[in-house]
Amino acid sequence: MNTIQSIRGMHDILPDQTPMWQWLESRLRETFGAYDFREIRVPVLEKAEVFKRSIGEATDVVEKEMYAFEDRNGDLLSLRPEGTAGVVRAAIQHGLLQTPGTKVWYQGPMFRHERPQKGRQRQFHQFGAEVFGLDVPAADAELIALGERLWRELGLSGRIRLEINTLGDREDRQRYRRKLIEYLEPRREQLDADSQRRLETNPLRIFDSKSETTREIMADAPRLADELGDSARAHFSELRTLLDALGIEYRLNTGLVRGLDYYCRTVFEWVTDDLGAQGTVCAGGRYNDLVAMQGGRDTPGIGFALGVERLLSLLESVGASRRQQPHVFIVSRVEPADMLRLAETLRDAAPGLRLACALGGGSMRAQFKRADRSGARWCVILGEAEFERGEAAIKDLRAEQGDQESVAIDELPGRLATFLADDLGD
Ligand code: ATP
Ligand code: MG
(Lines give C-alpha, C1' and ligand atoms only; values in the text may rest on other atoms or scores of the structure.)
(Ligands and ions follow the chains in the order given, each with its own letter.)
Protein backbone atom coordinates (compact mmCIF):
# COMPACT_ATOMS: atom_id res chain seq x y z
CA MET A 1 0.00 0.00 0.00
CA ASN A 2 1.19 3.56 -0.64
CA THR A 3 2.34 5.45 2.40
CA ILE A 4 0.53 8.70 3.07
CA GLN A 5 2.54 11.91 2.87
CA SER A 6 1.97 15.22 4.63
CA ILE A 7 0.26 18.05 2.76
CA ARG A 8 2.52 20.03 0.42
CA GLY A 9 3.98 23.05 2.19
CA MET A 10 3.09 21.71 5.64
CA HIS A 11 6.09 20.31 7.43
CA ASP A 12 6.71 17.96 10.29
CA ILE A 13 9.08 19.33 12.88
CA LEU A 14 11.23 16.37 13.85
CA PRO A 15 12.89 15.49 17.18
CA ASP A 16 16.28 16.62 15.85
CA GLN A 17 14.80 20.03 15.09
CA THR A 18 12.63 20.64 18.15
CA PRO A 19 15.50 21.48 20.54
CA MET A 20 16.30 24.54 18.43
CA TRP A 21 12.61 25.47 18.26
CA GLN A 22 12.28 25.15 22.03
CA TRP A 23 15.40 27.19 22.63
CA LEU A 24 14.14 29.96 20.37
CA GLU A 25 10.68 29.84 21.95
CA SER A 26 12.18 30.28 25.43
CA ARG A 27 14.22 33.30 24.33
CA LEU A 28 11.09 34.81 22.78
CA ARG A 29 9.02 34.23 25.92
CA GLU A 30 11.71 35.81 28.09
CA THR A 31 12.02 38.82 25.85
CA PHE A 32 8.26 39.41 25.71
CA GLY A 33 8.25 39.08 29.49
CA ALA A 34 10.99 41.68 29.80
CA TYR A 35 8.59 44.21 28.24
CA ASP A 36 5.61 43.09 30.34
CA PHE A 37 3.71 41.34 27.56
CA ARG A 38 1.41 38.50 28.57
CA GLU A 39 0.46 35.55 26.41
CA ILE A 40 -2.92 35.15 24.74
CA ARG A 41 -4.04 31.94 23.02
CA VAL A 42 -6.77 32.10 20.43
CA PRO A 43 -8.21 29.37 18.17
CA VAL A 44 -6.61 28.55 14.82
CA LEU A 45 -10.08 28.57 13.24
CA GLU A 46 -12.21 31.71 13.12
CA LYS A 47 -15.20 32.86 11.17
CA ALA A 48 -13.77 33.91 7.79
CA GLU A 49 -15.39 37.29 8.40
CA VAL A 50 -12.80 38.06 11.10
CA PHE A 51 -10.04 38.10 8.48
CA LYS A 52 -12.01 39.58 5.60
CA ARG A 53 -13.03 42.57 7.68
CA SER A 54 -9.59 43.31 9.03
CA ILE A 55 -7.00 42.16 6.52
CA GLY A 56 -9.16 43.44 3.65
CA GLU A 57 -10.99 41.69 0.80
CA ALA A 58 -8.60 43.04 -1.83
CA THR A 59 -5.37 41.72 -0.32
CA ASP A 60 -3.38 38.71 -1.51
CA VAL A 61 -3.88 37.04 1.83
CA VAL A 62 -7.69 37.08 1.68
CA GLU A 63 -8.12 36.90 -2.09
CA LYS A 64 -5.72 34.08 -2.85
CA GLU A 65 -4.15 32.60 0.23
CA MET A 66 -6.82 31.87 2.82
CA TYR A 67 -7.85 28.34 3.68
CA ALA A 68 -11.56 29.09 3.90
CA PHE A 69 -14.27 26.46 3.84
CA GLU A 70 -17.79 25.71 4.98
CA ASP A 71 -18.04 23.49 8.02
CA ARG A 72 -20.82 20.96 8.57
CA ASN A 73 -23.19 23.69 9.74
CA GLY A 74 -22.59 25.70 6.61
CA ASP A 75 -20.64 28.39 8.52
CA LEU A 76 -17.82 29.96 6.51
CA LEU A 77 -14.66 29.43 8.52
CA SER A 78 -11.01 30.07 7.88
CA LEU A 79 -7.74 28.73 9.22
CA ARG A 80 -5.97 31.82 10.47
CA PRO A 81 -3.54 33.30 7.93
CA GLU A 82 -2.13 35.63 10.62
CA GLY A 83 -2.56 36.36 14.31
CA THR A 84 -3.63 39.96 14.77
CA ALA A 85 -7.23 39.70 13.50
CA GLY A 86 -8.10 36.87 15.90
CA VAL A 87 -6.37 38.57 18.82
CA VAL A 88 -8.35 41.75 18.15
CA ARG A 89 -11.55 39.71 17.93
CA ALA A 90 -10.76 38.15 21.32
CA ALA A 91 -9.69 41.44 22.89
CA ILE A 92 -13.03 43.04 21.94
CA GLN A 93 -15.07 40.00 22.95
CA HIS A 94 -13.49 39.79 26.42
CA GLY A 95 -13.21 43.49 27.15
CA LEU A 96 -9.41 43.52 27.25
CA LEU A 97 -9.31 46.98 25.75
CA GLN A 98 -10.80 48.90 28.70
CA THR A 99 -7.39 49.81 30.08
CA PRO A 100 -4.95 51.51 27.73
CA GLY A 101 -1.62 49.78 27.31
CA THR A 102 -2.80 46.17 27.14
CA LYS A 103 0.16 44.15 25.85
CA VAL A 104 -0.22 40.61 24.59
CA TRP A 105 1.88 38.15 22.65
CA TYR A 106 0.86 35.00 20.82
CA GLN A 107 2.43 32.16 18.97
CA GLY A 108 1.40 29.31 16.75
CA PRO A 109 0.80 27.99 13.27
CA MET A 110 -0.60 30.18 10.49
CA PHE A 111 -1.97 28.93 7.18
CA ARG A 112 -1.67 30.45 3.73
CA HIS A 113 -2.16 28.75 0.41
CA GLU A 114 0.98 30.13 -1.22
CA ARG A 115 3.39 28.47 -3.63
CA PRO A 116 5.74 26.53 -1.35
CA GLN A 117 9.41 27.51 -1.70
CA LYS A 118 12.35 28.40 0.48
CA GLY A 119 11.06 30.58 3.30
CA ARG A 120 7.44 30.06 2.27
CA GLN A 121 5.29 27.27 3.65
CA ARG A 122 1.55 26.73 3.71
CA GLN A 123 1.67 26.06 7.41
CA PHE A 124 4.25 28.26 9.08
CA HIS A 125 4.69 29.64 12.57
CA GLN A 126 4.64 33.11 13.96
CA PHE A 127 5.31 34.80 17.25
CA GLY A 128 3.61 38.13 17.50
CA ALA A 129 3.04 41.01 19.88
CA GLU A 130 0.24 43.58 20.08
CA VAL A 131 -0.11 46.77 22.11
CA PHE A 132 -3.59 48.27 22.44
CA GLY A 133 -4.84 51.66 23.50
CA LEU A 134 -1.66 53.70 23.02
CA ASP A 135 -1.17 55.96 20.04
CA VAL A 136 2.01 57.63 21.30
CA PRO A 137 5.23 57.11 19.32
CA ALA A 138 6.88 55.74 22.48
CA ALA A 139 4.78 52.59 22.04
CA ASP A 140 6.09 52.18 18.48
CA ALA A 141 9.65 52.78 19.67
CA GLU A 142 9.40 50.29 22.52
CA LEU A 143 8.10 47.58 20.20
CA ILE A 144 11.00 48.17 17.85
CA ALA A 145 13.44 48.14 20.79
CA LEU A 146 12.02 44.75 21.75
CA GLY A 147 12.93 43.44 18.30
CA GLU A 148 16.44 44.88 18.51
CA ARG A 149 16.93 43.23 21.91
CA LEU A 150 15.64 39.93 20.59
CA TRP A 151 18.15 39.81 17.72
CA ARG A 152 20.89 40.61 20.22
CA GLU A 153 19.77 37.80 22.58
CA LEU A 154 19.76 35.40 19.64
CA GLY A 155 23.24 36.40 18.51
CA LEU A 156 21.90 37.93 15.30
CA SER A 157 22.92 41.56 15.77
CA GLY A 158 24.29 42.90 12.52
CA ARG A 159 22.44 40.27 10.49
CA ILE A 160 19.02 41.90 10.64
CA ARG A 161 18.38 45.50 9.68
CA LEU A 162 15.38 47.69 10.29
CA GLU A 163 13.34 49.45 7.62
CA ILE A 164 10.58 51.85 8.54
CA ASN A 165 7.97 53.94 6.79
CA THR A 166 4.74 55.69 7.58
CA LEU A 167 1.46 55.09 5.76
CA GLY A 168 -0.19 58.15 7.24
CA ASP A 169 -3.80 58.22 8.36
CA ARG A 170 -6.78 57.00 6.40
CA GLU A 171 -7.56 60.40 4.86
CA ASP A 172 -3.92 60.77 3.84
CA ARG A 173 -4.00 57.42 2.13
CA GLN A 174 -7.26 58.21 0.35
CA ARG A 175 -5.80 61.45 -1.00
CA TYR A 176 -2.64 59.65 -1.98
CA ARG A 177 -4.54 56.80 -3.59
CA ARG A 178 -6.16 59.27 -5.98
CA LYS A 179 -2.77 60.76 -6.89
CA LEU A 180 -1.25 57.35 -7.42
CA ILE A 181 -4.09 56.25 -9.71
CA GLU A 182 -3.74 59.49 -11.63
CA TYR A 183 -0.05 58.73 -12.15
CA LEU A 184 -0.54 55.05 -13.03
CA GLU A 185 -3.63 55.28 -15.25
CA PRO A 186 -1.70 56.52 -18.34
CA ARG A 187 0.95 53.82 -17.71
CA ARG A 188 -1.53 51.00 -17.18
CA GLU A 189 -0.47 48.98 -20.23
CA GLN A 190 3.12 48.74 -18.98
CA LEU A 191 2.14 47.27 -15.61
CA ASP A 192 2.13 43.53 -14.98
CA ALA A 193 -1.28 41.83 -14.97
CA ASP A 194 -1.58 41.63 -11.19
CA SER A 195 -0.75 45.30 -10.81
CA GLN A 196 -3.28 46.29 -13.47
CA ARG A 197 -5.92 44.55 -11.43
CA ARG A 198 -4.70 46.19 -8.23
CA LEU A 199 -4.98 49.59 -9.85
CA GLU A 200 -8.70 49.38 -9.09
CA THR A 201 -8.67 47.38 -5.88
CA ASN A 202 -5.51 48.24 -3.95
CA PRO A 203 -3.06 50.48 -5.83
CA LEU A 204 -0.66 50.87 -2.87
CA ARG A 205 0.13 47.19 -3.12
CA ILE A 206 1.66 47.76 -6.55
CA PHE A 207 4.78 48.84 -4.66
CA ASP A 208 5.18 45.18 -3.70
CA SER A 209 5.25 43.96 -7.31
CA LYS A 210 8.20 41.78 -8.27
CA SER A 211 7.99 42.76 -11.98
CA GLU A 212 11.04 44.74 -13.08
CA THR A 213 9.10 47.13 -15.37
CA THR A 214 6.45 47.76 -12.73
CA ARG A 215 9.16 48.49 -10.19
CA GLU A 216 10.76 51.02 -12.51
CA ILE A 217 7.43 52.77 -12.95
CA MET A 218 6.85 52.79 -9.21
CA ALA A 219 10.27 54.26 -8.56
CA ASP A 220 9.02 57.54 -10.07
CA ALA A 221 5.53 57.38 -8.60
CA PRO A 222 4.36 60.10 -6.22
CA ARG A 223 5.23 59.33 -2.62
CA LEU A 224 2.85 58.94 0.27
CA ALA A 225 5.40 60.83 2.35
CA ASP A 226 4.39 64.00 0.49
CA GLU A 227 0.71 63.56 1.37
CA LEU A 228 1.02 63.10 5.11
CA GLY A 229 -1.19 65.14 7.39
CA ASP A 230 0.40 67.12 10.22
CA SER A 231 -0.34 64.70 13.00
CA ALA A 232 0.89 61.58 11.15
CA ARG A 233 3.99 63.54 10.17
CA ALA A 234 4.65 64.58 13.77
CA HIS A 235 4.12 61.01 15.00
CA PHE A 236 6.68 59.68 12.56
CA SER A 237 9.23 62.33 13.27
CA GLU A 238 8.90 61.75 17.02
CA LEU A 239 9.38 58.01 16.45
CA ARG A 240 12.58 58.70 14.54
CA THR A 241 13.84 60.92 17.34
CA LEU A 242 13.13 58.13 19.84
CA LEU A 243 14.91 55.53 17.73
CA ASP A 244 17.93 57.82 17.53
CA ALA A 245 17.84 58.32 21.28
CA LEU A 246 17.82 54.54 21.74
CA GLY A 247 20.71 54.14 19.29
CA ILE A 248 18.61 51.97 16.97
CA GLU A 249 19.68 52.20 13.35
CA TYR A 250 17.10 52.14 10.59
CA ARG A 251 16.63 52.83 6.93
CA LEU A 252 13.70 54.91 5.77
CA ASN A 253 12.06 52.94 2.96
CA THR A 254 9.26 54.99 1.43
CA GLY A 255 8.24 52.02 -0.74
CA LEU A 256 7.43 49.85 2.29
CA VAL A 257 3.65 49.29 2.19
CA ARG A 258 2.89 45.93 3.89
CA GLY A 259 0.35 43.46 2.56
CA LEU A 260 -2.55 43.92 4.96
CA ASP A 261 -5.10 46.69 4.72
CA TYR A 262 -5.33 47.53 8.39
CA TYR A 263 -1.99 49.29 8.74
CA CYS A 264 -1.67 53.05 9.20
CA ARG A 265 1.13 55.37 10.29
CA THR A 266 4.21 53.40 11.35
CA VAL A 267 5.13 50.25 9.42
CA PHE A 268 8.40 48.41 9.82
CA GLU A 269 10.23 45.30 8.70
CA TRP A 270 13.28 43.53 10.04
CA VAL A 271 15.14 42.21 7.02
CA THR A 272 18.15 40.00 6.45
CA ASP A 273 20.32 39.55 3.35
CA ASP A 274 21.28 36.02 4.37
CA LEU A 275 18.11 34.19 3.29
CA GLY A 276 17.73 35.09 -0.37
CA ALA A 277 14.41 36.39 -1.69
CA GLN A 278 12.38 35.74 1.49
CA GLY A 279 14.42 38.06 3.65
CA THR A 280 11.75 39.59 5.87
CA VAL A 281 12.03 37.93 9.24
CA CYS A 282 9.65 40.15 11.17
CA ALA A 283 7.10 42.72 10.13
CA GLY A 284 4.61 44.97 11.78
CA GLY A 285 2.97 48.30 12.12
CA ARG A 286 0.26 50.44 13.57
CA TYR A 287 -3.44 49.65 13.09
CA ASN A 288 -5.42 52.47 14.67
CA ASP A 289 -8.61 51.65 12.74
CA LEU A 290 -8.63 47.90 13.12
CA VAL A 291 -10.52 47.57 16.39
CA ALA A 292 -13.29 49.80 15.06
CA MET A 293 -13.30 47.89 11.75
CA GLN A 294 -14.12 44.78 13.78
CA GLY A 295 -16.92 46.52 15.62
CA GLY A 296 -15.07 47.45 18.82
CA ARG A 297 -14.74 50.89 20.40
CA ASP A 298 -12.15 53.02 18.57
CA THR A 299 -8.83 51.84 20.03
CA PRO A 300 -5.38 52.34 18.53
CA GLY A 301 -2.98 49.44 18.29
CA ILE A 302 0.42 48.44 17.06
CA GLY A 303 2.06 45.05 16.67
CA PHE A 304 4.38 42.80 14.75
CA ALA A 305 4.72 39.18 13.78
CA LEU A 306 7.89 37.23 13.17
CA GLY A 307 8.28 34.13 11.05
CA VAL A 308 9.76 31.37 13.17
CA GLU A 309 10.96 29.23 10.24
CA ARG A 310 12.80 32.15 8.66
CA LEU A 311 14.37 33.08 11.98
CA LEU A 312 15.48 29.47 12.46
CA SER A 313 17.03 29.40 8.97
CA LEU A 314 18.92 32.54 9.84
CA LEU A 315 20.10 31.04 13.13
CA GLU A 316 21.21 27.95 11.26
CA SER A 317 23.15 30.08 8.78
CA VAL A 318 25.20 31.53 11.64
CA GLY A 319 25.87 28.02 12.96
CA ALA A 320 23.53 28.06 15.95
CA SER A 321 22.39 24.59 16.95
CA ARG A 322 20.91 22.83 19.94
CA ARG A 323 20.79 19.14 20.71
CA GLN A 324 18.89 17.14 23.26
CA GLN A 325 20.46 13.98 24.56
CA PRO A 326 20.25 12.07 27.81
CA HIS A 327 22.71 13.03 30.51
CA VAL A 328 22.89 9.47 31.74
CA PHE A 329 22.33 6.11 30.10
CA ILE A 330 21.91 2.96 32.20
CA VAL A 331 23.16 -0.36 30.88
CA SER A 332 22.11 -3.30 32.96
CA ARG A 333 22.36 -7.04 33.54
CA VAL A 334 19.97 -6.95 36.53
CA GLU A 335 16.23 -7.54 36.69
CA PRO A 336 14.18 -4.85 34.86
CA ALA A 337 12.35 -4.08 38.12
CA ASP A 338 15.66 -3.30 39.88
CA MET A 339 16.88 -1.17 37.00
CA LEU A 340 13.62 0.80 36.74
CA ARG A 341 13.48 1.34 40.52
CA LEU A 342 17.02 2.67 40.56
CA ALA A 343 16.23 4.91 37.59
CA GLU A 344 13.28 6.40 39.50
CA THR A 345 15.51 7.06 42.53
CA LEU A 346 17.96 8.90 40.32
CA ARG A 347 15.20 10.99 38.73
CA ASP A 348 13.92 11.87 42.22
CA ALA A 349 17.37 12.96 43.31
CA ALA A 350 18.30 15.11 40.33
CA PRO A 351 15.63 17.45 38.97
CA GLY A 352 16.29 18.18 35.32
CA LEU A 353 18.14 14.90 34.80
CA ARG A 354 17.58 13.27 31.40
CA LEU A 355 17.95 9.58 32.00
CA ALA A 356 17.64 6.72 29.51
CA CYS A 357 17.76 2.99 30.23
CA ALA A 358 18.67 0.14 27.89
CA LEU A 359 15.08 -1.07 28.06
CA GLY A 360 15.58 -3.61 25.31
CA GLY A 361 18.31 -5.46 27.22
CA GLY A 362 20.70 -7.58 25.15
CA SER A 363 24.43 -8.16 25.47
CA MET A 364 26.60 -5.62 27.31
CA ARG A 365 28.29 -4.88 23.99
CA ALA A 366 24.98 -4.08 22.33
CA GLN A 367 23.86 -1.97 25.29
CA PHE A 368 27.11 0.04 25.30
CA LYS A 369 26.63 0.71 21.61
CA ARG A 370 23.18 2.13 22.34
CA ALA A 371 24.62 4.21 25.18
CA ASP A 372 27.20 5.67 22.80
CA ARG A 373 24.65 6.40 20.13
CA SER A 374 22.35 8.13 22.62
CA GLY A 375 24.90 10.90 23.04
CA ALA A 376 24.86 10.56 26.84
CA ARG A 377 27.98 11.70 28.63
CA TRP A 378 27.69 9.29 31.55
CA CYS A 379 26.94 5.62 31.58
CA VAL A 380 25.77 3.81 34.71
CA ILE A 381 26.59 0.11 34.62
CA LEU A 382 24.59 -2.36 36.65
CA GLY A 383 26.40 -5.73 36.71
CA GLU A 384 24.74 -8.71 38.41
CA ALA A 385 27.42 -9.47 40.99
CA GLU A 386 28.13 -5.80 41.70
CA PHE A 387 24.43 -5.04 42.16
CA GLU A 388 24.21 -7.92 44.68
CA ARG A 389 27.02 -6.21 46.63
CA GLY A 390 25.18 -2.88 46.47
CA GLU A 391 27.53 -1.41 43.87
CA ALA A 392 27.36 0.07 40.41
CA ALA A 393 29.88 1.66 38.06
CA ILE A 394 29.97 5.05 36.37
CA LYS A 395 31.78 5.56 33.09
CA ASP A 396 32.55 8.79 31.26
CA LEU A 397 31.66 8.01 27.66
CA ARG A 398 33.56 10.99 26.33
CA ALA A 399 36.86 10.02 27.97
CA GLU A 400 39.41 8.16 25.85
CA GLN A 401 39.14 4.50 26.81
CA GLY A 402 37.50 5.81 29.96
CA ASP A 403 38.06 4.03 33.24
CA GLN A 404 34.95 3.16 35.07
CA GLU A 405 34.58 4.07 38.67
CA SER A 406 32.88 1.84 41.21
CA VAL A 407 30.39 3.50 43.56
CA ALA A 408 27.98 2.32 46.22
CA ILE A 409 24.44 2.45 44.85
CA ASP A 410 23.39 4.60 47.82
CA GLU A 411 25.96 7.17 46.77
CA LEU A 412 25.07 7.06 43.09
CA PRO A 413 22.58 9.95 43.11
CA GLY A 414 25.06 12.21 44.93
CA ARG A 415 27.94 11.29 42.60
CA LEU A 416 25.88 11.88 39.46
CA ALA A 417 24.66 15.20 40.78
CA THR A 418 28.29 16.28 41.24
CA PHE A 419 29.29 15.13 37.77
CA LEU A 420 26.28 16.83 36.22
CA ALA A 421 26.35 20.03 38.25
CA ASP A 422 27.10 22.12 35.15
CA ASP A 423 24.78 20.32 32.74
CA LEU A 424 21.63 20.20 34.84
CA GLY A 425 21.38 23.95 35.00
CA ASP A 426 20.41 24.15 31.30
P1 ATP B 1 5.99 38.19 2.46
O2 ATP B 1 6.17 39.52 1.83
O3 ATP B 1 7.27 37.43 2.67
O4 ATP B 1 4.93 37.37 1.79
P5 ATP B 1 4.02 38.98 4.36
O6 ATP B 1 3.96 40.44 4.26
O7 ATP B 1 3.00 38.16 3.68
O8 ATP B 1 5.48 38.46 3.93
P9 ATP B 1 3.33 39.00 7.14
O10 ATP B 1 1.92 38.71 6.92
O11 ATP B 1 3.73 40.35 7.53
O12 ATP B 1 4.17 38.52 5.87
O13 ATP B 1 3.93 37.96 8.18
C14 ATP B 1 5.01 38.27 9.05
C15 ATP B 1 6.15 37.31 8.88
O16 ATP B 1 5.69 35.96 8.82
C17 ATP B 1 6.92 37.46 7.60
O18 ATP B 1 7.85 38.49 7.71
C19 ATP B 1 7.59 36.12 7.46
O20 ATP B 1 8.73 36.05 8.29
C21 ATP B 1 6.54 35.20 7.99
N22 ATP B 1 5.78 34.60 6.89
C23 ATP B 1 4.74 35.13 6.20
N24 ATP B 1 4.27 34.29 5.28
C25 ATP B 1 5.02 33.15 5.39
C26 ATP B 1 5.03 31.87 4.73
N27 ATP B 1 4.14 31.57 3.80
N28 ATP B 1 5.95 30.97 5.12
C29 ATP B 1 6.84 31.25 6.09
N30 ATP B 1 6.89 32.41 6.76
C31 ATP B 1 5.99 33.35 6.42
MG1 MG C 1 2.87 37.10 1.85
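The values are calculated or read from the model by the stated rules, or taken from the named source; none is laboratory data. Note that the structure is a prediction, hence the values are computed from the model and not measured. Note that each Cβ is placed from the backbone with ideal geometry, even for glycine, and that neighbours are counted across all protein chains shown. Calculation scope for accessible area: heavy atoms of the full protein, side chains included, ligands and nucleic acids excluded. Shrake-Rupley method; radii C 1.70, N 1.55, O 1.52, S 1.80 Å.
Annotations for the structure displayed:
- Rounded accessible area per residue of segment 166-243, 1.4 Å, Å²: 54 Å²
- Put simply, the amide H of residue 397, placed in the peptide plane, has neighbours under 5 Å in 378, 379, leaving out anything fewer than 5 places away on its chain.
- Relative intensity, log₁₀ I(q)/I(0), of segment 26-149 from a Debye sum that treats every alpha carbon as a point, q = 0.11 Å⁻¹: -0.43
- Under 5 Å, built H, 5+ apart or other chain: amide partners of residue 125: 110, 308, 309
- When peptides 416-424, 149-157, 3-11 are sorted by average Cβ neighbour count within 10 Å, with the highest value leading, the order is 149-157, 416-424, 3-11.
- Accessible surface computed residue by residue for segment 10-124, with neighbouring protein chains in place and a 1.4 Å probe, gives 52 Å² per residue.
- Note, ³J(HN,Hα) from phi for segment 239-246, Karplus 6.51, -1.76, 1.60, rounded to Hz, x at Gly and Pro: 4, 5, 4, 5, 4, 4, 4, 8
- Crossing angle, helix 308-317 versus the chain [Cα axis fit, 0-90 degrees, rounded to tens]: 60 degrees
- Test item: Cα-centred dipole of segment 243-327, Lys/Arg +1 and Asp/Glu -1 on Cβ, debye: 220 debye
- Over the residues of the chain, the helix contribution to mean residue ellipticity at 222 nm works out to -11000 deg cm²/dmol, using -39500 (n - 2.57) for each DSSP H run of at least 4.
- Per residue, the Cα convex hull of segment 328-425 amounts to 92 Å³.
- Approximate shape of the chain as ellipsoid semi-axes (Cα gyration tensor, √5λ), whole Å, largest first: 54, 23, 21
- In the elastic network of the chain, a GNM with C-alpha springs shorter than 10 Å, the most mobile of 233, 178, 398 is 398.
- The rule of thumb for compact globular proteins, 2.2 N^0.38 Å, goes into the C-alpha radius of gyration of segment 165-212 1.14 times.
- Listed residues 207, 51, 304, most fluctuating in the chain (Gaussian network, C-alpha, under 10 Å): 207
- Counting only Cα atoms, the size of segment 222-377 along its three principal axes is 81, 38, 30 Å, in decreasing order.
- Backbone phi angles across segment 273-284, fed through the Karplus curve with coefficients 6.51, -1.76 and 1.60 (θ = phi - 60°), yield HN-Hα couplings of 9, 8, 10, x, 5, 8, x, 7, 8, 8, 8, x Hz in residue order; Gly and Pro are listed as x.
- Here the chain is assigned +1 on the Cβ of each Lys and Arg and -1 on the Cβ of each Asp and Glu. Its dipole about the Cα centre then comes out at about 800 debye.
- Phi-based couplings in Hz for segment 327-339 (Karplus 6.51, -1.76, 1.60; Gly and Pro marked x): 6, 10, 10, 9, 9, 8, 10, 9, 4, x, 4, 5, 4
- Taken per residue, the accessible surface of segment 328-425 reaches 58 Å², heavy atoms only and a 1.4 Å probe.
- Within the shell of other residues whose beta carbon sits under 11 angstrom from the beta carbon of residue 396, the net charge comes to 0, with Lys and Arg scored +1 and Asp and Glu -1.
- Protection proxy ranking, peptides 375-382, 238-245, average beta carbon neighbours within 10 Å, highest first: 375-382, 238-245
- The fraction of accessible area contributed by carbon and sulfur in the chain is 46 percent, rounded to a whole number (1.4 Å probe; ligands and nucleic acids excluded).
- Taking 281, 257, 334 as the candidate residues, the one with maximal mean-square fluctuation in a Gaussian network model of the chain, Cα springs under 10 Å, is 334.
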